[in-house]
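Below you'll find the structure, written out as C-alpha cells, and then a few comments.
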Amino acid sequence: MSPWFWLFVSLSLLGQSSASNPKRDYITTETYDFIIVGGGTAGLAVASRISVGLPASSMLVIEAGPDGRNESRIFIPGRKGSTLGTKYDWNFTTVAQPNANNRVFPQNRGKVLGGSSALNLMTWDRTSVAELNAWEKIGNTGWNWKSLYPAMLKVERFQPSRAYGKAGVGHFGPIQTLINRIFPPHQSTWIPTLNRLGLPGNRESLDGNPIGVSTQPTNVDPRGYVRSYAPEYLKLTEDNLTVKMDTRVARINFNGTTAIGVTLEDGTFVGCRKEVIISAGSFQSPGLLELSGIGNRTILENYGIEVIQDLPSVGENLQDHIRIQSSYQLKPNYQSFDALKNTTRAAIELALYNAGQVSLYDYTASGYAYMGWKTVSNDTATKLRAIVEGDETLTSVTDRVKKSYLSPPLSDSVPQAEVIFSDGYTGLKGYPAANSSLFGIGTFSLIGVVQHPLSKGNVHINSTSINAKPTINPNYLSHPYDLQAAIAVAKYLRKIATAEPMAQVWTTEYEPGTAVQTDDDWKAFVLANTLSIYHPIGTCAMLPKKDGGVVNPSLKVYGTKSLRVVDASVIPLLPSAHLQTLVYGIAERAAEMIINEYQ
C-alpha cells in the first residue's frame with residue numbers, strides 16, 4: 001500500500017478519534033508490517049519466529065499486561081499458582097452454571113508478558129497421534145500429527161534424565177524442560193500403585209502415545225531453576241520486533257474486509273502493511289473480533305457495531321477440561337509441600353532456593369497418568385459409551401470425533417481420563433486454618449480430569465467497552481456424560497489412594513472424606529466440587545465454515561484478508577493433554593506458514 005494510503009487512513013482516524021475521545025488533541029500513527037495482538041504463549045512464539053524468518057519486516061507485539069520476568073511468584077517453580085487472582089490475572093469468571101449448583105467458576109488467564117505460560121502449573125505433556133490426525137479428517141488439510149509433532153519438538157530443550165526415555169522430547173528449542181529434581185518420598189508410591197491397578201508405566205509419554213503412568217517433564221530452566229516460558233522466545237529475535245506492554249487494543253481497523261491496523265485504547269491508530277495476528281486467547285480473541293465487526297450479526301447489531309463480516313461461530317464451540325480432586329493426610333514422617341504454609345519454614349526453604357540449593361520451592365507436580373475408561377473399570381467404560389451412543393443430538397463434526405474415541409480401536413489409544421499426583425493440598429474444602437488443630441498437617445492430592453467432555457459453551461462481549469469482562473458460559477456438566485465421567489473419576493481417585501503401596505503413606509482421607517459413600521453422595525460431591533483446569537479452546541475454531549469454523553487451515557479469518565488468529569482458540573477439539581506444548585506448536589506452524597507466504 002502506498003504512503004498516500006496511510007496518510008489518508010491517519011487523517012480519517014484523526015477525525016474519528018477527536019469526536020469519540022475529546023481529551024485527545026492528536027493521533028500518533030506508527031506502521032508495522034505485522035501487528036501481533038497479545039504477548040502470551042502463542043503471541044511471543046509466532047512473533048519471534050517471524051522476526052527471525054522475515055528480517056526485512058517490522059513487527060509489533062501489543063501486550064495488555066506488564067513484564068513479570070522479575071516477579072518471584074512467576075519465576076520460582078514452587079510459587080506456582082500464587083499469581084492467580086492477582087494483577088497478572090484477567091480474573092475472569094463464568095456466569096452461574098445451572099448444572100453445577102449454580103456456581104460461578106473462576107477462569108484464570110494471564111495478563112502479563114508470557115500470558116498464561118507465566119501463570120500455569122508448568123505441566124509439559126503431549127496428546128495422542130489419533131487426536132491430532134483427527135484435525136485433518138474434519139477438514140483442516142495439513143494439520144495432523146506429522147506436521148504438529150516436529151513443530152512441538154522445535155519448542156523445547158529437554159535435559160536428559162534417567163526418569164525419562166529418549167523419544168518425544170526436543171533438544172534445541174528456547175523453552176527449557178526437565179524432570180523435577182525434588183520428589184516427595186511418598187510420590188515413590190505413585191507408579192507402583194497405578195501399575196498394580198493395571199496401568200503400565202510409560203517412560204516416553206510425549207511421543208504421541210500417552211496411555212500409562214509416568215514421571216513427566218516440567219518447563220523449568222536448570223540454570224537458576226526458574227520457570228522457562230514464552231518470554232524466552234524474545235531472546236531469539238532481531239531488532240525488527242517491538243513489544244508494547246501495558247497497552248490494550250480496542251479494535252481492528254479495516255479497509256473493506258482487509259485488516260489495515262489496530263486502534264489502541266487511547267485512540268492511537270497503528271497501521272499494518274501485511275497482517276494483524278490475533279493472539280489474545282480463547283476468551284479475548286473472539287471478543288476482539290466482535291468489537292471489530294466480525295461475528296454473529298445479531299450480537300453485533302445489538303451493540304451498534306458495524307458488521308464487517310457476519311460470522312456466527314465467533315465465540316462458539318467453547319470447550320474445557322473439568323477436574324475433581326481428593327486429598328489425603330500423610331503420616332507424620334512424610335514431609336509435604338504444605339510445610340511452606342509455615343512462615344518460618346518457608347523462609348528457610350526460600351533461602352535455600354536463593355542460594356541455588358535443593359528446596360521445596362523447586363517443586364512442580366510430575367506424576368501423571370492417562371488412561372481409557374476400561375482402566376477405571378469395564379462397567380464404567382460400558383456405561384459411559386452407552387450414554388454417548390444413545391444421544392442422537394451429537395451430530396456435529398467435533399461431537400462425532402469424540403464419540404469415536406469411546407469405541408475400539410481408538411478407545412485403546414486415546415485417553416479419556418487423567419490423574420495427577422500433586423504434593424500438598426488442592427481442593428475447595430480448604431487447608432486447615434492457622435488456628436485449627438490440624439494446621440501443619442502434610443497432605444497430597446490426586447486430581448482427576450475428564451479429557452473429552454461433551455458440554456459446549458460460548459463467550460461473547462457484553463459491551464462495546466474493552467474494560468467490560470466477557471460473558472463466559474462453558475455450560476459445565478450440561479451433558480449427562482460429563483457428570484457421570486466426573487463421578488467415575490472421583491471414585492477412581494479413592495481407589496488409587498487405597499491401593500498398595502500408596503495406602504501405606506496416609507492416615508485420613510481429608511477430602512471428600514469417608515462420609516461420601518453412596519452414588520448420591522458422589523454426585524453431590526461432584527456437583528459441588530468440580531472445577532475447570534483452565535484449558536479453554538475452540539472459540540475461533542479451525543474448521544470448515546459450514547461446520548462452525550472461524551479460521552481456515554491457514555488460520556485466516558473467513559471473509560477477511562490480512563487477519564489471522566494464532567492461539568488456543570483455533571483448536572477445534574480438546575486434546576488429552578494440557579495445552580501449552582500444543583499452543584506453542586500451533587504458533588511454530590503458523591510462523592512457518594507466514595514466513596513462506598511473505599519471503
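Worth a mention:
- Rolling a 1.4 Å probe across the protein heavy atoms gives the range 294-348 an accessible surface of 44 Å² per residue.
- The chain, accessible surface, carbon-and-sulfur percent (1.4 angstrom probe): 52
- With Cα atoms, 0 to 90° folded angle of helix 41-53 axis to the chain main axis: 50
- For the range 77-154, applying the loop criterion from DSSP together with a ceiling of 14 other beta carbons within 10 Å to the trypsin sites (Lys or Arg not before Pro) yields Lys87.
- Between helix 343-354 and the chain: long-axis angle, C-alpha atoms, 0 to 90°, nearest 10: 60
- Accessible surface calculations at 1.4 Å, restricted to protein heavy atoms, place the range 48-151 at 34 Å² per residue.
- Since only Ile571, Ala259, Thr364 are under comparison, the one whose Cα sits farthest along the positive direction of the charge dipole of the chain, derived from C-beta charges on Lys, Arg, Asp and Glu, is Thr364.
- Solvent-accessible area per residue, Å², over the range 408-563 with all protein chains present [probe radius 1.4 Å]: 35
- In the chain, helices alone account for a calculated mean residue ellipticity at 222 nm of -8000 deg cm²/dmol, with every DSSP H run of four or more residues adding -39,500 (n - 2.57).
- Close amide H contacts of Tyr363 (hydrogens built in the peptide plane, cut-off under 5 Å, sequence separation of 5 or more or a different chain): Gly78.
- The residue list Val46, Ala347, Asn144 was ranked by how far each Cα lies along the charge dipole of the chain toward its positive end, using unit charges on Cβ atoms, and Ala347 comes out on top.
- The order of the peptides 554-563, 388-397 by mean Cβ neighbours within 10 Å, most packed first, is 554-563, 388-397.
- Derived scalar couplings between HN and Hα for the range 119-130 equal 10, 5, 9, 6, 6, 10, 9, 8, 7, 8, 4, 4 Hz in order, rounded to whole Hz, by the Karplus curve 6.51 cos²θ - 1.76 cosθ + 1.60 (θ = phi - 60°), x for Gly and Pro.
- Rel. contact order, % - alpha carbon contacts under 8 angstrom, at least six apart, the chain: 22
- For the chain, the longest principal axis of the C-alpha atoms and the axis of helix 3-20 are separated by about 70°.
- Each Lys and Arg adds +1 at its Cβ and each Asp and Glu adds -1 at its Cβ; summed about the Cα centre, the chain shows a dipole of about 600 debye.
- Alpha carbon convex hull of the chain, volume per residue in cubic angstrom: 153
- Alpha-carbon centroids, the range 483-523 and the range 280-340: separation in whole Å: 29
- Length-normalised contact order for the range 208-271 - Cα pairs under 8 Å, 6+ apart - percent: 16
- Computed packing ranks the peptides 309-322, 63-76 as 309-322, 63-76, most packed first, by mean other Cβ atoms within 10 Å.
- For the range 168-288: relative contact order, % (alpha-carbon pairs under 8 angstrom, 6 or more apart): 18
- Rh by Kirkwood over Cα pairs, then Stokes-Einstein D for the range 476-532 at 1.002 mPa s and 20 °C, µm²/s: 175
- Estimated vicinal HN-Hα couplings, Hz - the range 565-581 in sequence order (Karplus 6.51, -1.76, 1.60; Gly, Pro = x): 10, 9, 5, 5, 5, 7, 5, x, 9, 4, x, 8, 5, 6, 8, 5, 5
- Only one residue of Gln517, Val401, Ile441 has its Cα farthest out toward the positive end of the dipole of the chain, where Lys and Arg carry +1 and Asp and Glu -1 on Cβ, and that residue is Ile441.
- Straight-line cross-link partners of Lys556 among the lysines, defined as a Cα under 26 Å from its Cα and at least 8 positions apart when in the same chain: Lys111, Lys137, Lys146, Lys154, Lys244, Lys274, Lys402, Lys456, Lys469, Lys545, Lys546.
- Integer Hz, Karplus 6.51/-1.76/1.60 couplings in order for the range 249-263, x for Gly and Pro: 9, 8, 6, 8, 9, 10, 10, x, 10, 9, 5, 10, x, 9, 9
- Given +1 at the Cβ of Lys and Arg, -1 at the Cβ of Asp and Glu and no other charges, the dipole of the range 246-383 around its Cα centre is 520 debye to the nearest 20.
The values are calculated or read from the model by the stated rules, or taken from the named source; none is laboratory data. Model, not experiment: these values are computed from the prediction. Ideal geometry is used to build each Cβ from the backbone, glycine not excepted, and the neighbour counts take in all protein chains shown. SASA here: full protein model, heavy atoms, side chains in, ligands and nucleic acids out. Shrake-Rupley method; radii C 1.70, N 1.55, O 1.52, S 1.80 Å.
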